[in-house]
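Structure first, commentary second.
The values are calculated or read from the model by the stated rules, or taken from the named source; none is laboratory data. Note that the coordinates shown come from a computational prediction; the quantities given were computed from them, not determined experimentally. For neighbour counting, all protein chains shown are included, and Cβ atoms are generated from backbone atoms with ideal geometry for every residue, glycine included. We work out accessible area using only protein heavy atoms, side chains counted, and drop any ligands, DNA or RNA first. Shrake-Rupley method; radii C 1.70, N 1.55, O 1.52, S 1.80 Å.
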Amino acid sequence: MFDLTGQKALVVGVANDQSIAYGCAKAFKAQGADLAITYLNEKAEPFVRPLAEELGADIIMPLDVRSEDQQNALFDEISEKWDHLDTILHSIAFSKKEDLHGRVIDCSADGFGLAMDISVHSFLRLIRRAEPLMPHGGTCMTVSFMGAQKVVDNYGVMGPVKAALEAAVRYAASELGPKGISVHALSPGPLKTRAASGIAEFDELLDDAAKRAPTHHLATIEDTGAYAAFLASREAFNVTGGVHPIDGGYSIIG
């Protein structure tokens, strides 16, 4: 069995105990990793800090990915406390409600730019900051969805945004491979998370996914965490650049 003992993992995107990021953090911890967990703001802190403390996180800090000051503070703390970093898990995305629920062709330039910045470029910013802390290699992961590759009703502008995220994964993997840094996109099927609740008719999508998936089971945050923990291990050192479906086979069905 793979082992993450002694590894240092930064988890960005925990909102509550239903978050994909929380499932990944639990799995990292169960395999022996030390954790740094961020929360978005003061409003989110009461929901995230108890979970981080329960997991024994060494570092618990705010991170709005649009704030360069908060990013500087976070990586300064990581450098001082740990001096290196092995894994990043990025599980954040955002779109204005009117852009998410409207037609893609009607999305405002500002709205499209904001969704791309928070959902895609923030991952690249985190990788860039982590790179000097991974002198012996590491693993960078983000979270995508099948709406990046196929049209999913009501997924709206997040489809093109996630497609850009997956392309960014491939390019980053190519650029960082010589340094032993792997880059991945986890792609769980439909999950009941707070972020997903913003998608119109999402309950219908969940029901359809459970019926059509070969396993007839929806993915869970624990499924996603287990896969993420494997990718973070040395056993997966030669795997990089991929989009990894974790969906009971839902994505293979026509």
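For this structure, a couple of remarks:
- Leading residue by the ranking (nearest to the chain's Cα centre (by Cα)) among those in region 140-182 that are open to solvent by 10 Å² or more (accessible area, probe 1.4 Å) and of a type in the set (S, T, N, Q): 149
- Total residues in region 33-55, condition of a type outside the set (Asp, Glu), outside any helix (DSSP H, G or I) and farther than 15 Å from residue 82 by Cα: 7
- Failed condition for residue 95, given (1) surrounded by 15 or more Cβ atoms within 10 Å (Cβ to Cβ); (2) at pLDDT 95 or above; (3) of a type in the set (Ser, Thr, Tyr): (2)
- Residues of region 221-254 classified as among the basic types (Lys, Arg) and either farther than 19 Å from residue 88 by Cα or not in a helix (DSSP H, G or I) (or both), total: 0
- Scope region 235-244; condition open to solvent by 60 Å² or more (accessible area, probe 1.4 Å) and touching a Gly at 6+ places or on another chain (Cβ under 9 Å); matching residues: 237, 240
- For region 216-233, filtered to residues that are of a type in the set (Ser, Thr, Tyr) and out of contact with any His (no Cβ under 8 Å at 6 or more places or on another chain), the residue that is surrounded by the most Cβ atoms within 10 Å (Cβ to Cβ) is 224.
- Residue list for region 121-132, restricted to those being free of Cβ contacts under 8 Å to residues at least 60 places away in the same chain and either in contact with a strand residue (DSSP E or B) (Cβ under 6 Å, 6 or more places away or on another chain) or surrounded by fewer than 22 Cβ atoms within 10 Å (Cβ to Cβ) (or both): 121, 123, 124, 127, 128, 129, 131, 132
- Selection status of residue 247, open to solvent by less than 60 Å² (accessible area, probe 1.4 Å) and either at pLDDT 95 or above or acidic (Asp, Glu) (or both): yes
- The set of residues from region 11-21 being under 20 Å from residue 74 (Cα atoms) and surrounded by fewer than 22 Cβ atoms within 10 Å (Cβ to Cβ) comprises just one member, 15.
- Selection from region 98-111 of residues that are open to solvent by 40 Å² or more (accessible area, probe 1.4 Å) and assigned to a loop (DSSP other than H, G, I, E, B): 103, 108
- Between 43, 81, 8, 29, the distinction of being under 18 Å from the mean Cα position of the chain (by Cα), open to solvent by 60 Å² or more (accessible area, probe 1.4 Å) and modelled with pLDDT of 95 or more belongs to 29 only.
- Every condition in (1) assigned to a loop (DSSP other than H, G, I, E, B); (2) more than 21 Å from residue 166 (Cα to Cα); (3) modelled with pLDDT of 95 or more; (4) not β-branched (Val, Ile, Thr) is met by residue 18 except one, and the failing one is (3).
- Remark: residue 63 falls outside the filter, which requires a residue to be over 20 Å from residue 11 (Cβ atoms) and touching a residue at least 40 places away in the same chain (Cβ under 8 Å).
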